[in-house]
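See structure below.
The values are calculated or read from the model by the stated rules, or taken from the named source; none is laboratory data. Not measured: the values here are computed from a predicted model. Every residue, glycine as well, gets a Cβ built from its backbone with ideal geometry; the counts of neighbours run over all protein chains shown.
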Amino acid sequence: MTPDPNALSAMFRIDVTADATPAPKVRSTGKDVGWELASILREMLTVQQRQSQLLEDLIQQVNAGQRQRVGELNAWKQANPGLAKQCRTAAEALSKVQTEYLKNISDEVVFSEDNLMDGEFALNEFVDRYGPRLAHLNGVLQVLSQLAANQPAEQRS
């Protein structure tokens, strides 16, 4: 007994045409809206708790790196107390040099204000002249200051 081919094709036929009658709208009750709102609020709370946990983990990672760096720096200072003291003296002297250099730059800006405003060439020339030196001076001063920071009172004198 073989099945009728027309019956099989009718069984597996899929209608993809649009239905002319719209689907009836389901009216939600106040109770349904309340449950939906509560569900959304629970999801928001879960997301916020996850974000808080991630932020706490990030803070712990950053703090661990900083603690390690401070420990290494303190170990270096204890191993090289004379050099740490010299770094402090050098940082103080270089700070005075930096202050004078900044004063000279400020004077140059005031003197050349019109040229700097009017011409891009003058501004580029100014930045090329003072920028790299100032950046390097700041970098050296920062390193010296970090190596000299937090000197115990008995080592400063």
Notebook entry, point to check: How many residues, within segment 55-94, are under 16 Å from Leu141 (Cα atoms) and either within 29 Å of the chain's Cα centre (by Cα) or not acidic (Asp, Glu) (or both)?
Noted result: 11
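Within segment 100-109, is there a residue that is at pLDDT below 90 and surrounded by 11 or more Cβ atoms within 10 Å (Cβ to Cβ)? Break it down into steps so the answer makes sense when it comes.
Quick first cut of segment 100-109, residues at pLDDT below 90 only: 108-109.
Keeping just the survivors that are surrounded by 11 or more Cβ atoms within 10 Å (Cβ to Cβ) gives 108-109.
Yes, segment 100-109 contains at least one residue that is at pLDDT below 90 and surrounded by 11 or more Cβ atoms within 10 Å (Cβ to Cβ).
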